[in-house]
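Working notes, beginning with the structure itself.
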Amino acid sequence: MRLNELADRIGANKAATRVGRGIGSGKGKTGGRGMKGQKSRSGVAIKGFEGGQMPLHMRLPKRGFNNPFAKKFNAVRLDRIQTAIDAGKLDAKGFIDAEALVKSGVIRRIKDGVRLVAGGEFKAAKVTFRVNHASAGALKAIEAAGGKVDMVGAAKKEAAAEAG
């Protein structure tokens, strides 16, 4: 057998149907689209149209509210941070912020900030966090271990509250 003798098995490659090439082809004239009307023409997109009947997506009730201005924070549990400190990925002596958490692999990307959440055991002493939010349990656990939390962006809110 030589390279010029290689070929696919019979029936492996089926030729595409050439639509609209005469009556004898079997797909001539209307090209398999029936007759007349919007759907027989090109560029038709009638998704969800139910022939004038009220479409399902409009019959169902609207629920809730999606705030387009809502911030998306990375929620980070304290035990994840403790694991990273134990593994030597995070430096407990400096301050821990969003950039440090990304470098250590605790979070993948910085969204609109970081929210600390209590969970698991946290025993790293004298750790300073610079985050946007922290739950009450997380604050309690960090302060019990001898660390502190600096809220980033909280100063703006406090200044706005005092002014208004």
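Readers should treat all values here as calculations from the given coordinates under stated rules, not as data from a laboratory. On a predicted model such as this, the values are computed, not experimentally measured, just so you know. Here the Cβ positions follow ideal geometry from the backbone for every residue, glycine too, while neighbour counts run over all protein chains shown.
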Along Cα→Cβ, 7 Å out, is where each label goes; now give me the distance between the ones at V152 and K62 in nm to one decimal. 3.6
Amide H proximity to V127 below 5 Å, modelled H, separation 5+ or other chain, gives G147, K148
How far, in nm, would the chain grow between F49 and K14 when pulled straight, counting 0.36 nm per residue and subtracting the alpha carbon separation? 9.2 nm
Taking neighbour Cβ counts within 10 Å as the exposure measure, how do F69, F129, F49, F122 sort from fewest upward? F69, F49, F122, F129
Mind telling me which of R18, R130, R115 comes out most flexible in a GNM of the chain, alpha-carbon contacts under 10 Å? R18
Taking every DSSP beta bridge with both residues inside segment 33-164, roughly what % is antiparallel (nearest 5)? 10
What distance in nm lies between label points placed 7 Å from Cα along the C-beta direction at A7 and D112? 6.5
